[in-house]
Amino acid sequence: MNGAFMRAFRVAVSLAVVVTCGVVAPDARSAEPPKVVLLTGGDPMQAAVLMQTQAIRTVLNAALPLGTETFLDTLDGLRFGGDLLTPELFALLRKKYAGQRIDLVIAIGNYAAEFARTHHEAIWPGTPVIVTSVPEAWLRKTSAFPQTFVMIPYRIEVGKTLAIIGALQPSATHLVVIGGSAEMDRRFSDEIVEAAAVNGRKWAAIERWEGMSAQELRTRLARLDKHTSAVLYGTQYRDNEGRRYFPFELIDKIAGDAPVPIYGWYANYIEHGAAAGAVYDLAENGRNTGEVAARMLMADAGTTRPDVGASTLPILPARCVANIAVLRRLGISESALGPDCKWLNAPHSPYREYWKEIAVVIFVIGAQAITILAMLNQRRERRRAELDAMKRGADLTRASRIATVGELSASIAHEIGQPLGAILSNIDAADLMMQSEGPNASELREILTDVRRDALRTHDVIVRLRALLQKQAITFTPVAFDAVLERAISLVHPEARRRGIVLRTAFGTRDAQVLADQVQLQQILLNLCVNAMDAMENAEQQDRELSVTTRLVEDAVELVVADRGVGIEDTNVERLFEAFYTTKERGTGLGLSIVRSIADAHKGNISARPRPGGGTEFTLWLPLASSGADHTLRHTDAPENV
Ligand code: ADP
């Protein structure tokens with residue numbers, strides 16, 4: 001049952017109890033279990049009856065603290081006719097219940113309902129009655145029930161079953177209506193014919209097969225064609241020859257080899273070989289009836305009953321049920337049935353059985369896939385950002401190097417200009433000598449030697465400069481620490497001279513090798529030296545001394561650049577390495593932060609400290625290159641990403 005119907009049903013049950021319970025409440029307080037009469041119109045062994053009586057009993061015994069004492073009385077009017085035994089049954093029941101206190105009567109089906117309406121006051125005076133399992137259409141047509149009756153009707157939704165026929169056999173134009181010859185059977189057949197006539201679809205012919213034996217029905221069904229004919233079975237409690245049936249039994253006899261599907265609206269029809277139908281769930285109706293009964297029996301003694309007449313509870317909806325095995329045997333596709341249609345005898349389908357679990361798994365996998373894709377995308381973005389940062393870092397490092405070299409430009413110009421001047425003088429001297437008589441060959445050779453030396457010196461400076469300024473890939477290779485630094489210090493010498501600073505060098509690592517990019521190593525040295533010279537700008541003559549020392553320490557090398565300049569505060573050391581920290585008027589504050597990044601990229605470190613006696617000392621520490629390994633790294637591994 002769907003949730004909305006259940007809610008509506010419970011609310012309605014509460015209301016129904018309010019209007020009827022005043023009658024039952026006093027008994028509900030006694031210590032004995034309440035006594036309930038179940039009055040059935042059909043045989044109690046008939047599945048339709050059995051399902052309901054069992055459901056009613058189960059619900060009552062579960063809901064009531066003392067359970068119930070139930071009495072089952074059957075009229076079997078469905079097969080014997082309503083009036084046949086009525087006087088005798090009435091007499092029997094009156095005698096049976098004389099002097100008995102009965103708390104509730106539950107009449108199941110039309111015959112029982114009518115019997116209760118006529119005789120309840122004589123048999124069970126003052127006892128409330130529930131009438132259940134009666135068709136709504138019949139209820140509308142029949143005369144009114146007393147106010148103490150609670151009605152639980154159902155609707156034979158012939159229209160819904162006809163719609164199912166339309167979906168499964170769209171080309172059928174001939175409708176056969178099978179029904180028995182009992183009064184109830186005829187009523188159902190009438191109802192089908194009426195509904196088919198107003199149903200949206202135009203039937204070319206509607207034929208009634210009434211009260212036929214199973215044998216005759218089988219013969220007739222065998223002649224039908226599933227493309228043109230559809231068969232709808234109401235009930236057959238009796239046939240024309242007086243044989244009595246439970247309606248589902250006929251389905252058993254005729255459906256097995258019929259070449260056309262047979263439709264119907266009881267669950268046990270579909271279970272016994274009917275193809276499909278809008279099914280009225282008898283067990284569910286039984287449970288609903290049990291709930292209503294339990295509430296009535298438990299109702300509060302003080303509740304008063306307003307005079308509102310008999311109350312009618314919401315109608316149980318019919319639901320599509322299809323026997324897939326039958327449809328497949330007949331070659332009819334079930335795909336036209338809606339997703340809410342319940343399948344019986346369907347071949348095992350993991351998807352249909354476990355679709356909820358499968359949906360959850362698909363959802364989880366989908367969510368995981370989306371998360372993974374998002375993470376991959378994030379990673380790609382981060383990598384791109386890292387590469388961008390790396391490139392910007394490399395550009396910045398080079399820009400800083402160019403700026404440092406720029407600071408040396410005056411002395412470098414001098415360093416180049418001086419040998420060029422010497423070359424010129426030597427050329428002039430040689431020229432003069434050539435003009436004189438008998439030039440001295442050995443002197444000329446000496447001049448040429450000087451010219452060559454000066455030209456090489458100039459060339460050397462230019463080569464070193466170009467190496468520093470060129471844009472080139474960064475390569476980490478094992479290099480001799482001292483040799484690399486010595487080449488760079490040659491550019492510092494002229495600047496120190498120009499500034500009146502004594503430059504003392506002591507290269508003491510011998511041939512120790514480090515894994516480094518030469519240009520970046522030289523950049524560190526130049527930067528530290530230029531800073532040191534700046535710090536000594538105003539120093540006294542005796543203090544203007546810059547010392548550059550290298551040494552081996554265990555498995556590493558150290559470069560120490562020390563000056564006697566303005567010095568630094570002990571507490572201020574780490575700030576020097578922060579980007580944009582500068583005390584200089586035209587400083588950028590980037591030099592030392594880049595130096596530290598280069599040191600990090602070389603797996604080394606750089607530190608600064610005040611020097612005893614004044615000045616500052618910077619120490620670069622780098623690990624030695626491990627022997628035998630392939631030391632060459634390319635740009636992307638640990639490049640100028642500083
Ligand atoms: P910049 O040289 O452009 O200022 P740096 O990052 O190279 O940038 O230096 C940052 C600051 O560190 C300098 O402005 C200076 O105050 C200080 N500094 C660097 N080297 C020394 C030194 N040898 N002695 C004293 N202060 C120094």
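Odds and ends about this structure:
- Residues in the range 235-267 that are small (Gly, Ala, Ser) and touching a Phe, Trp or Tyr at 6+ places or on another chain (Cβ under 9 Å): 255, 264, 267.
- Among (1) near the ligand (Cβ under 10 Å from one of its atoms); (2) open to solvent by 10 Å² or more (accessible area, probe 1.4 Å); (3) of a type in the set (A, V, I, L, M, F, W, C), the one test that residue 532 misses: (2)
- Condition met for residue 553 (buried (at least 23 other Cβ atoms within 10 Å of the Cβ), away from the ligand (no atom under 16 Å from the Cβ), over 20 Å from residue 401 (Cα atoms) and of a type in the set (A, V, I, L, M)): no
- Those strands (runs of 3 or more DSSP E) lying entirely in the range 460-518 with at least 1 residues within 29 Å of residue 418 (Cβ to Cβ) and either hydrophobic (A, V, I, L, M, F, W, C) or touching a helix residue (DSSP H, G or I) at 6+ places or on another chain (Cβ under 9 Å) (or both): 477-480, 502-507
- When the range 586-622 is filtered for residues that are closer than 27 Å to residue 539 by Cα, away from the ligand (no atom under 14 Å from the Cβ) and open to solvent by less than 60 Å² (accessible area, probe 1.4 Å), nothing remains.
- Here residue 357 does not qualify as modelled with pLDDT of 85 or more and either closer than 30 Å to residue 38 by Cβ or assigned to a strand (DSSP E or B) (or both).
- Taken over the range 415-440, residues that are open to solvent by 60 Å² or more (accessible area, probe 1.4 Å) and at pLDDT 85 or above amount to 10.
- The single condition among (1) within 16 Å of the ligand (Cβ to nearest atom); (2) in contact with a strand residue (DSSP E or B) (Cβ under 8 Å, 6 or more places away or on another chain) that residue 572 does not satisfy is (2).
- Hits in the range 557-569 (condition: acidic (Asp, Glu) and either assigned to a strand (DSSP E or B) or near the ligand (Cβ under 9 Å from one of its atoms) (or both)): 558, 563
- All positions within the range 153-190 that are in a helix (DSSP H, G or I), within 19 Å of residue 320 (Cβ to Cβ) and of a type in the set (D, E, K, R): 160
- Selection from the range 447-464 of residues that are of a type in the set (A, V, I, L, M), open to solvent by less than 80 Å² (accessible area, probe 1.4 Å) and free of Cβ contacts under 8 Å to residues at least 40 places away in the same chain: 447, 451, 455, 463
Residue-by-condition table, conditions (1) surrounded by 24 or more Cβ atoms within 10 Å (Cβ to Cβ); (2) in contact with a helix residue (DSSP H, G or I) (Cβ under 9 Å, 6 or more places away or on another chain); (3) more than 29 Å from residue 334 (Cβ to Cβ):
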site: 99; (1), (2), (3): no, no, yes
site: 112; (1), (2), (3): yes, yes, yes
site: 119; (1), (2), (3): no, yes, yes
site: 128; (1), (2), (3): yes, yes, yes
site: 143; (1), (2), (3): no, yes, yes
site: 149; (1), (2), (3): no, yes, yes
site: 158; (1), (2), (3): yes, yes, no
site: 185; (1), (2), (3): no, yes, yes
site: 197; (1), (2), (3): no, no, no
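- Here residue 548 qualifies as within 16 Å of residue 502 (Cα to Cα), away from the ligand (no atom under 12 Å from the Cβ) and crowded, with 16+ Cβ neighbours inside 10 Å.
- Any hit, the range 212-229, residues being free of Cβ contacts under 8 Å to residues at least 40 places away in the same chain and of a type in the set (Gly, Ala, Ser): yes
- Scanning the range 207-261 for residues that are in a helix (DSSP H, G or I) and closer than 17 Å to residue 272 by Cβ returns 214, 217, 218, 221, 247, 248, 249, 250, 251, 252, 253, 254.
- Pairs linking a residue in the range 505-520 that is of a type in the set (Gly, Ala, Ser) to a residue that is surrounded by 21 or more Cβ atoms within 10 Å (Cβ to Cβ), with Cβ atoms under 6 Å and 6 or more positions apart or on different chains, are 508/550; 512/481; 512/557; 516/602.
- Tally of residues being buried (at least 24 other Cβ atoms within 10 Å of the Cβ) and at pLDDT below 90 across the range 266-278: 2
- Close pairs from the range 590-612: first closer than 23 Å to residue 392 by Cβ, partner among the acidic types (Asp, Glu) and more than 9 Å from the ligand (Cβ to nearest atom), Cβ under 8 Å, at least 6 apart: 598/640; 601/640; 602/517
The values are calculated or read from the model by the stated rules, or taken from the named source; none is laboratory data. All values reported here derive from a predicted model rather than from experimental measurement. Note: ideal-geometry Cβ built from the backbone for every residue, glycine included; neighbour counts use all protein chains shown. The protein model used for the area step is the full one, side chains on, heavy atoms only, and it has no ligands, DNA or RNA in it. Shrake-Rupley method; radii C 1.70, N 1.55, O 1.52, S 1.80 Å.
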